[in-house]
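Some notes on the structure that comes next.
Read-outs throughout are calculated quantities, based only on the coordinates presented, and are distinct from any laboratory measurement. Keep in mind that what you see is a predicted model, and the values were worked out from it rather than measured. Note that each Cβ is placed from the backbone with ideal geometry, even for glycine, and that neighbours are counted across all protein chains shown.
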C-alpha cells in the first residue's frame with residue numbers, strides 16, 4: 001500500500017510562523033473553494049484526500065497535442081485548427097520559459113504580496129494574436145456521444161483554472177486576452193471497429209474569463225490557513241460526508 005495512506009505528510013505544509021512565501025497551486029485553490037476543511041487538512045495538517053488514479057490516455061493526448069502545436073510554433077505559423085475557427089491572426093506563442101510554464105513542478109508563478117502566497121499553475125499552451133495579446137489555452141479530452149461543451153456544473157473547475165492562468169500571466173506583466181480557448185478532444189465510439197486506432201473530434205471552445213474573484217479568494221484562503229482549529233466542512237463535500245459516516249458507524253458499534 002502507498003505510504004500516502006500510512007502517514008501524515010510533513011512536507012509542503014503551511015507554517016504560520018514562517019516568513020517564506022507559501023506555495024499554493026491552482027489545484028489547491030480549487031480544493032479550498034470546494035471544501036475549506038479538506039484544504040486545511042491537506043495544507044496545514046498534511047492529510048490529503050486519497051489521490052485519484054492517473055488518466056494515462058488523457059496525458060497521452062496532451063503530450064501529442066503539445067508536440068503538434070510545437071511544430072507550428074517552431075515555424076511561426078498558425079495551426080489548421082486556428083484557421084478552421086476563424087483565428088487567422090493567431091499563432092502559438094514562442095517564449096524561452098514555455099517549458100517551465102508547462103512543468104507541473106514549476107509552472108508560471110507569482111507571489112501575492114498581501115497574503116505572501118506563491119501562486120503557481122502549469123499551463124498546456126499559450127498563443128498570441130497580431131496585437132501581441134496572449135491567449136491562454138487548455139487541453140481537455142473525453143469520450144462521450146454528446147457534443148462537448150462547458151455547460152456542466154462540475155466544469156466550474158475548468159473555468160477557474162483558465163481564470164487563474166490568465167491572472168498569473170497578467171501578474172507577470174503580460175497583456176492577456178480575456179478570451180481563452182479549450183482544445184477539447186472527444187474520442188469517437190461510432191466506428192465499426194477499433195483497428196488499434198482511436199479517432200477524435202476536436203472542438204475549439206472559447207471562454208471569456210473574469211479573474212476579479214482571485215485576490216479575495218487568496219485572502220480567504222490565507223485566513224483559513226491561519227486558523228488554529230480546522231474550519232467546518234462544505235455541506236456538499238463527499239469526502240467529509242464519508243468521514244462523518246465512518247465515525248458515526250464506529251461510534252454506534
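At 222 nm, what value in deg cm²/dmol follows for the chain if DSSP H runs of at least 4 each add -39500 (n - 2.57) and the sum is divided by all its residues, to the nearest 500?
-11000 deg cm²/dmol
Multiplying the residue separation of residue 242 and residue 55 by 0.36 nm and subtracting their alpha-carbon distance yields 64.9 nm.
Here the stretch 203-221 is scanned for amide nitrogen atoms under 19 Å from the site 7 Å beyond the Cα of residue 156 along Cα-to-Cβ, giving 207-221. The long axis of helix 238-252 is offset from the longest Cα principal axis of the chain by roughly 30 degrees.
Taking the structure as given and computing Cα extents along the principal axes in Å, which label from [x] 65, 52, 28; [y] 61, 50, 31; [z] 83, 54, 27 fits? It is the value labelled [y]. Projecting label points 7 angstrom from Cα along Cα→Cβ for residue 227 and residue 10 puts them 2.6 nm apart. Each of 226, 162, 171 was scored by other Cβ atoms within 10 Å of its Cβ. Listed from fewest to most, they are 226, 171, 162. Once the Cα atoms are used to define both axes, helix 214-226 deviates from the longest principal axis of the chain by about 30 degrees.
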